[in-house]
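One structure is given here, and the rest of the page talks about it.
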Amino acid sequence: MQSIVRRLLIIYREAMNNSLQNSSDNSHRDEEGTTPSAQLKRRLSTKFLFGDDSDSIGSFSCSSEEESDSGSEEDGTLLPPHKRMRGDVPLRLASEEIRSNKTIVLAAVQNKGTALKFASKTMQGDCEIVESAVRSSGKALKFASPIFYSDSKIALAAVTTHGKSLCLLPKSLQNDRKIVLAAVQNNGMALKHASPALQNDEEVVKRAIDNNGLALVFASTTLQANKNVVLASISSQLESTDSITLGQIMNHMASDLWADREIALQCVRADGDMLYKFSKTLKDDRDIVLAAVNKGGFALRYASEKLQGDREIVESAVRSSGKALKFASPIFYS
């Protein structure tokens, strides 16, 4: 059976290479008058693949709809030919009997986990098949039989490569610290699907915001008021130019932290315009305003009148943006 699978993959690879060579001329025909896709279907016939044992294994069947170029990127059919060496394409075109063949389905999901979508219901309920699929791609979990959603081993494998698969799991596993940690390390926003208890777990939340600072949105109100957690969230945005995300982070931190000097300094280092959100006292803080105008000269408009007349701050602002001069004290116009 292994030799059969190898022959299938070799045939598929050869056919795709032929398709690439002829992609510049869709009307091309070989000496027998067939297109590369037709050659593929002919060569994937049961007789060619399986010889005298064909009756016991089944054959590939392609409808006219499946022969078209329609499809989704998820199943590989909108990808260019040279990227279609995926397990899900041949399974999508296969008969039910082939989709129920464990050796073939196992090879397909090991190549691409989401090929599980096209396996038979029996194979989607096979533990070995499902475990291989989710190890290849955590996204495959949604195509498995729901009985596996509560299997901690399979759940852990799935969220390790696709954190958002956490949303499929029962509440008991959404409260499993090991599983949730694996999920948020892969995708911080998976914190949304963690249990309230783990959304209040400082280590879990910090792992989530290390991956994506915006995960603070899904932390408990207690941790949104935790200065260290908020600082870690803002720090994750220091290298980002996404001021919208930073604004969302700031909107979800506790109001008490708006008066915190250290947090203000971190915010303006990430986005100078964030100076406008802080108190008059902090807008009159020279270190904070200088950091803000170094990041973006236009932040000068939010500085106190006193600091709009500070030569070093004005020079830093106009070096960042010459247009910032209009926000400086008139004494600098001459």
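The values are calculated or read from the model by the stated rules, or taken from the named source; none is laboratory data. Nothing here was measured: the structure is a model prediction, and the numbers come from that model. Methodologically, a virtual Cβ is constructed for each residue, glycine included, from the backbone with ideal geometry; neighbour enumeration extends over all protein chains shown. Just so you know, the surface numbers come from the protein's heavy atoms only, side chains and all, with ligands and any DNA or RNA stripped out. Shrake-Rupley method; radii C 1.70, N 1.55, O 1.52, S 1.80 Å.
Quick one: which residues, 5 or more positions from Ser321 or on another chain, have an amide H under 5 Å from its amide H? H modelled 1.01 Å from N in the peptide plane, none for Pro or chain starts.
Under 5 Å from the amide H of Ser321 lie the amide H atoms of Gly297, each far enough along the sequence or on another chain.
What's the extension gain from Glu128 to Glu203 if we count 0.36 nm per residue and subtract their Cα-Cα distance?
Numbers: separation 75, 0.36 × 75 = 27.00 nm, distance 3.30 nm.
Using 0.36 nm per residue and subtracting the Cα-Cα distance, I get 23.7 nm.
Given axes a ≥ b ≥ c from the Cα gyration tensor, I'd like to know whether segment 212-334 is rounded (a/c under 1.5), prolate (a/b larger than b/c) or oblate. Could the numbers behind the result be given before it?
Details: a/c = 3.08, a/b = 2.07, b/c = 1.48.
Because a/c hits 1.5 or more and a/b exceeds b/c, segment 212-334 counts as prolate.
Please compute the length gained on full extension between Asp287 and Arg177, using 0.36 nm multiplied by the number of residues separating them and subtracting their Cα-Cα distance.
Details: separation 110, 0.36 × 110 = 39.60 nm, distance 4.09 nm.
This chain segment gains 35.5 nm when fully extended.
Excluding ligands, DNA and RNA, what is the solvent-accessible area per residue of segment 177-334 at a probe of 1.4 Å, expressed in Å²?
Details: 7600 Å² over 158 residues.
Counting only protein heavy atoms, the per-residue value for segment 177-334 is 48 Å².
How big is segment 109-180 by the Kirkwood estimate over distinct Cα pairs, in Å? Could the numbers behind the result be given before it?
Working: mean 1/r = 0.0868 Å⁻¹.
It works out to 11.5 Å.
With charges only on Cβ, +1 for K and R and -1 for D and E, what is the dipole size of segment 244-334 about its Cα centre, in debye, rounded to 20? Intermediate results must be reported in sequence, preceding the final value.
Details: 13 positive and 12 negative charges, 68 e Å.
About 320 debye.
Any chance you could look up the accessible area of Asp284 with a 1.4 Å probe, heavy atoms only, rounded to 10 Å²?
Per-residue accessible area (Asp284): approximately 60 Å².
Hey, with R₀ at 25 Å, roughly what FRET efficiency would Thr221 and Tyr276 work out to, going by the Cβ-Cβ distance, to 0.05?
Details: r = 25 Å, r/R0 = 0.99.
The formula returns an efficiency of 0.50 here.
Thr103 to Ile147: FRET efficiency via 1/(1 + (r/R0)^6), r the Cβ-Cβ distance, R0 22 Å, to the nearest 0.05?
0.45
Grab the beta carbon distance between Cys167 and Ser334, set R0 = 41 Å, and tell me the FRET efficiency rounded to 0.05. Can you show the working numbers first?
On the way: r = 62 Å, r/R0 = 1.52.
Calculated transfer efficiency: 0.10.
Quick one: accessible surface of Cys167, probe radius 1.4 Å, all protein chains present, in square angstrom to the nearest 10.
70 Å²
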